[in-house]
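Here, each number is a calculation from the coordinates, and none is a lab measurement. Just so it is clear, the model here is predicted, and its values are computed rather than measured. Here Cβ is always computed from backbone atoms with ideal geometry, including for glycine, and neighbour counts include all displayed protein chains.
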């Protein structure tokens, strides 16, 4: 009987070892626009967005492109992230134009380190500044991204995902439906999203007039202050 119990105990130990995960899977790096949406913008406003990478290991070089509607935005300036401002960095923009084609502009920025240093974790690659030219909505398409490590003799691509962003702009604060006036329709749009934040079922980024990541009293006050206004 004691032998049978010993065998059973040994069997259970072996099974528990087999069903335990052999290792913890690391998170997949993500290159993303931060913040994912910009709201409450008016014609003439200049605003920043960050291009950031999260959960990366051994990052040595990178490249990204942002494709945007140049009828709505003008790409006005950029600065490298704080980690990429030292003399041990080579960084330049290969393409910077609002006239990539008839409707869109393109920004292409490239960076490589010099020496043996690499970066791990979450890092801001660059900050870009855009100016609103006209009211509307445009995606910030993050495309042709590349992350490389410092493997020798040939650097290896770091697999990753990408998440772009969206910009909402109008001529009057509170004109949520972009029809050139602040009216009952805009108030209803805000009311339907009131109290929400990103991830909530009723979240609507265009109702976040002050751009603080939530639809609340401040947004309602801004809309009320401009209620009845219209574009010339």
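Computed quantities for the displayed model
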quantity: Stokes-Einstein diffusion coefficient of the range 107-167, Kirkwood radius over Cα pairs, 4 °C, 1.567 mPa s, in µm²/s; calculated: 89 µm²/s
quantity: Most to least packed among 222-228, 204-210 [average Cβ atoms within 10 Å]; calculated: 204-210, 222-228
quantity: Most fluctuating residue given options 115, 165, 180, as computed from a GNM of the chain linking Cα atoms under 10 Å; calculated: 115
quantity: Contact order relative to length of the range 184-226, as percent, for alpha carbon pairs under 8 angstrom and 6 or more apart; calculated: 33 percent
quantity: Solution diffusion estimate, µm²/s, Stokes-Einstein, the range 184-226, Kirkwood Rh from C-alpha pairs, 25 °C, viscosity 0.890 mPa s; calculated: 246 µm²/s
quantity: Spherically averaged projected area of the range 30-170 from its Cα convex hull (nm²); calculated: 8.1 nm²
quantity: The chain - share of DSSP beta bridges that are antiparallel (%, nearest 5); calculated: 90 percent
quantity: Relative contact order of the range 21-103, defined on C-alpha pairs under 8 angstrom at six or more residues apart (%); calculated: 27 percent
quantity: Degrees between helix 2-19 axis and first principal axis of the chain (Cα, 0 to 90, nearest 10); calculated: 30 degrees
